Amino acid sequence: MTRHHVSRRDFLKRTTASAAAVTISAPAIAEGAPGRVVVVGGGFAGATCARALKRINPRISVTLVEASHAFTACPFSNNVIAGLRELKAQQFDYKRIEGSGIEVTFEPATRIDTDARTVVLSDVARVPYDRLVLAPGIDIRWDGLSGYTEAAAERMPHAWRAGEQTLLLRKQLESMEDGGLVVISAPANPFRCPPGPYERASLIAHYLKTRKPKSKILILDAKDAFSKQSLFLAAWKELYPDLIEWVPLSKGGRVTSVDPSTNTLTTEFGSHKAAVANVIPPQKAAHIAAVVGAANKTGWCPIDPVTFESKLQENIHVIGDASIAGGMPKSAFAANSQAKACAAALAKLLAGEKPEEPKLINTCYSLVAPDYGISVAGVYEPRNGQLTDVKGAGGVSPANAPRSARQLEANFANGWFKTITEEVFG
C-alpha cells in the first residue's frame, strides 16, 4: 500500500519552491482537472470529509492539513475522567488515511490567502486549493469568563479538548479527600457537546459513589434547560440521590467569575469554594476561522445549509463544531454527518453540477453510569437558509424504560464509538 505522508522537510521544500507559481496559477478545475480540495483539521469532520470525497471521486486531489500526528477523541473522554477508560483508547493516528490516496501533512495552517486560494503552513509553505474545507473545531474564549485564563485552566481544568486536561481533572478527583465538593460550571449555548457537562457529572458521581461516597457534586449552570434534561434528572434521582445538585440560571447558577488561587466560583447569588473545580468556559470556532474571515461576531461560522459554503468567504466550506448549523448540535455524530454531505456537494460543485439538498441525522448517546445509557436523535434539512429539525423524525429515550433498555443503550453507545472511529480512522 502506498503511503502518502509527506515529511516536514520534503513538504516545505516542495511547496516553498512552487509558492510563486501557486499564487499566480489558475484553479485546477479551470484547466479541466478534477479539482483540488484542502481540508484543514483532522477530527471527526475533517477526516470524514477527506475520505468521503476521495471515495466519491478518486481523481480529486485531496490534502488533509492537521497539526498533530494523533487525534484524541472527546466522545467517551468523560469515561477517562471517571477512571473507566484510559486516554490511549481515545487516540487515533492517520496511517489508514495516508494510505487511501489522501495527502496528509502535519503542519499547522497559519493563514489562508483567499485571492490566490492557498493555505499557508508555518508561514512558509503554501498548499493550493480550488475548494477549501475548514474543520478546525473549537477554541476556548479566554475572555469569556472573568478570572479564567490559560494559566487558571491548570488549576481549574476545562477538559473540553481531550488530552492533558482530561488527565488533569482525573488526577484531581483521585487526589481529592472523601467529603470534597466537586463544582462543574456549565456555559450558555452554543458550545461543543450540549449534554457533555451532565454526562460528566453523572460519571463523576459514579466514581464518587463507589470510591468517595461522602463527596458531592454541584453543577452551576448558565442555562435553565439542557439536552435530555428530564432523563438526566430522573437518572440522578434513581442512581445518585443527594449526590448531585443542579443550579439553573434562574436560581443563580451562572458563574460570573472564578479565582483559581482559592478554587472559588462566584455567581450573582454567592460564592462556592471547590475541592475540584471543572470550569467549562464559553467557546468559539478555532482561530483559523477568524483569521480567514469565516467567523462572524458570534465567534462561529455561518454556512449555506446545502453546500456548507461559508456565507462570508467564497470557495471555503465549514463543517463540524466551528459552523453555525442551525438546529444541529455540535457533536461528533453531527460533524460526521455534515462532512459526508459536504463531500457530496463538493464533488458536484467541482464537476460544475448543482448539489442536492441533504438530509442529515444526529444521534447523541450519554452514559449516566457504565451500564445506563440515554440518547437523543434528530433529522435535519435545509429550510429558510439554515438546517432545521424535521418535525417528528427524532426523539429521546423513553422516560420510563426498564434498566434492561438503559443497559442496551449503553451498549449502543459503545458500539457507536467503535463504529465511527473505525470508519474515520481505521
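The values are calculated or read from the model by the stated rules, or taken from the named source; none is laboratory data. Source: prediction; values computed, not measured. Cβ placement follows ideal geometry from the backbone for every residue including glycine, while neighbour counts extend to all protein chains displayed.
Within the bounds of the range 338-358, is there any residue that is in contact with a helix residue (DSSP H, G or I) (Cβ under 6 Å, 6 or more places away or on another chain) and among the basic types (K, R)? Yes, the range 338-358 has at least one match. K95 satisfies every condition listed in (1) closer than 19 Å to V133 by Cβ; (2) of a type in the set (K, R); (3) surrounded by fewer than 16 Cβ atoms within 10 Å (Cβ to Cβ) except (1).
Quickly run through the range 282-320 and pick out the residues that are assigned to a loop (DSSP other than H, G, I, E, B) and among the hydroxyl-bearing types (S, T, Y). Once the filter is applied, which keeps residues that are assigned to a loop (DSSP other than H, G, I, E, B) and among the hydroxyl-bearing types (S, T, Y), the range 282-320 yields T298, T307. Considering only residues in the range 118-150 that are touching a helix residue (DSSP H, G or I) at 6+ places or on another chain (Cβ under 7 Å) and basic (K, R), the one that is surrounded by the fewest Cβ atoms within 10 Å (Cβ to Cβ) turns out to be R126. Entry remark, the range 77-94: residues being farther than 18 Å from G426 by Cα and assigned to a loop (DSSP other than H, G, I, E, B) number 5 in total. When P34, P58 are checked against the criterion of being surrounded by fewer than 19 Cβ atoms within 10 Å (Cβ to Cβ), farther than 30 Å from S202 by Cα, modelled with pLDDT of 95 or more and of a type outside the set (A, V, I, L, M, F, W, C), a single residue qualifies: P58. Each residue in the range 321-331 was checked for being within 11 Å of the chain's Cα centre (by Cα) and either assigned to a strand (DSSP E or B) or farther than 20 Å from V390 by Cβ (or both), and 3 pass. Residues of the range 176-212 that are assigned to a loop (DSSP other than H, G, I, E, B), closer than 25 Å to K284 by Cβ and in contact (Cβ under 8 Å) with a residue 60 or more places away in the chain: P187, A188, P190, F191, R192, C193, P194, P195.
The residue of the range 50-76 that is farthest from A347 (Cα to Cα), among those that are touching a Phe, Trp or Tyr at 6+ places or on another chain (Cβ under 9 Å) and not in a strand (DSSP E or B), is F76.
Looking across the range 123-182 at every residue that is among the aliphatic types (A, V, I, L, M) and under 30 Å from P34 (Cα atoms), the one that is modelled with the lowest pLDDT is identified as V124.
Annotation note: of I303, I280, the sole residue that is in contact with an Asp or Glu (Cβ under 9 Å, 6 or more places away or on another chain) and buried (at least 18 other Cβ atoms within 10 Å of the Cβ) is I303. Being surrounded by fewer than 24 Cβ atoms within 10 Å (Cβ to Cβ) and either of a type in the set (S, T, N, Q) or in a loop (DSSP other than H, G, I, E, B) (or both) is a property that does not hold for P382.
Can you confirm whether E353 is more than 30 Å from A67 (Cβ to Cβ) and not in a helix (DSSP H, G or I)? So E353 fits the description; yes. Selection within the range 108-163: residues that are of a type in the set (S, T, N, Q) and within 29 Å of C193 (Cα to Cα). The member of this set that is farthest from the chain's Cα centre (by Cα) is S146. Being within 24 Å of the chain's Cα centre (by Cα) and aromatic (F, W, Y) is a property that does not hold for F269. When each of E356, E409 is tested for being among the acidic types (D, E) and over 26 Å from A205 (Cβ atoms), the lone residue that passes is E356. Has the range 356-369 got at least one residue that is surrounded by fewer than 21 Cβ atoms within 10 Å (Cβ to Cβ) and within 20 Å of the chain's Cα centre (by Cα)? Yes, because at least one residue in the range 356-369 is surrounded by fewer than 21 Cβ atoms within 10 Å (Cβ to Cβ) and within 20 Å of the chain's Cα centre (by Cα). Taking the listed residues S146, S100, the one that is touching a residue at least 40 places away in the same chain (Cβ under 8 Å) and touching a Ser or Thr at 6+ places or on another chain (Cβ under 6 Å) is S146, with no other qualifying. Please determine whether any residue of the range 59-76 is touching a residue at least 60 places away in the same chain (Cβ under 8 Å) and among the charged types (D, E, K, R). The answer is no; no qualifying residue exists. Filtered by the rule that a residue be of a type in the set (A, V, I, L, M, F, W, C) and surrounded by fewer than 19 Cβ atoms within 10 Å (Cβ to Cβ), the range 83-92 gives L84, L87, A89.
Does E107 satisfy the condition of being surrounded by 15 or more Cβ atoms within 10 Å (Cβ to Cβ), acidic (D, E) and outside any strand (DSSP E or B)? For E107, the condition - surrounded by 15 or more Cβ atoms within 10 Å (Cβ to Cβ), acidic (D, E) and outside any strand (DSSP E or B) - is met. Counting just the residues of the range 132-175 that are charged (D, E, K, R), assigned to a loop (DSSP other than H, G, I, E, B) and out of contact with any strand residue (DSSP E or B) (no Cβ under 7 Å at 6 or more places or on another chain), which one comes out farthest from S337 (Cα to Cα)? Among those that are charged (D, E, K, R), assigned to a loop (DSSP other than H, G, I, E, B) and out of contact with any strand residue (DSSP E or B) (no Cβ under 7 Å at 6 or more places or on another chain), it is R155.
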